1. Arrange the peptides 9-18, 49-58 so that the one whose residues have, on average, the most other Cβ atoms within 10 Å appears first.
2. Using alpha-carbon pairs under 8 Å, 6+ residues apart, how would you state the relative contact order of the chain in percent?
3. Relative to the compact globular guide of 2.2 N^0.38 Å, what is the alpha carbon radius of gyration of region 2-122, as a ratio?
4. Can you tell me which of 21-28, 95-102 comes out highest on packing, and rank the rest after it, using the mean Cβ neighbours within 10 Å?
Amino acid sequence: MLIVADSSILLATVLDEPEKPRIIELTRGCTSYAPEILPYEIGNALSAMLKRGRLTETEVTDAFEQYRRIPMHLVPINIRQALELTARFRIYAYDAYFLECARALNFPLLTLDRGMKRIALELGLVVLE
């Protein structure tokens, strides 16, 4: 199965969050896609965790290296279409990039973000749970 996985999925995996076993179960045998901004969003999220004292510098670099080992196809998306989603749903562009990616590819979306799940369903996308 081809899917779009967002950064919440990857972060939960590399940081050994409680959702990790379910994520592994859902993605077994899948080919994962994400917008090409994914590495930057992962880096930003990890730096925010460092800034808040949730992770150490070593944990941040280790987590990023683990993320890089996860097979992921990065694809360009239509930013204009994504910005239309930001305006329509009053969401951040980063979230809209993943929604637009799933919409454009017509692949199911895998996310831990409840708001993104709600919007994806409203857009008629399949959401893996």
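Any read-out appearing in this document is the output of simple, stated calculations on the displayed coordinates, not a laboratory observation. What you see is a predicted model, and the numbers here were worked out from it, not measured in a lab. All Cβ positions, even for glycine, are placed from backbone atoms using ideal geometry, and neighbour counts span all protein chains on display.
1. Values: 9-18: 17.7, 49-58: 11.4.
Ranked by mean Cβ neighbours within 10 Å, highest first: 9-18, 49-58.
2. Working: 160 pairs, mean separation 41.0, N = 129.
For the chain, the relative contact order is 32 percent.
3. Values: Rg = 14.1 Å, N = 121, 2.2 N^0.38 = 13.6 Å.
This ratio for region 2-122 stands at 1.04.
4. Values: 21-28: 13.2, 95-102: 26.0.
Ranked by mean Cβ neighbours within 10 Å, highest first: 95-102, 21-28.
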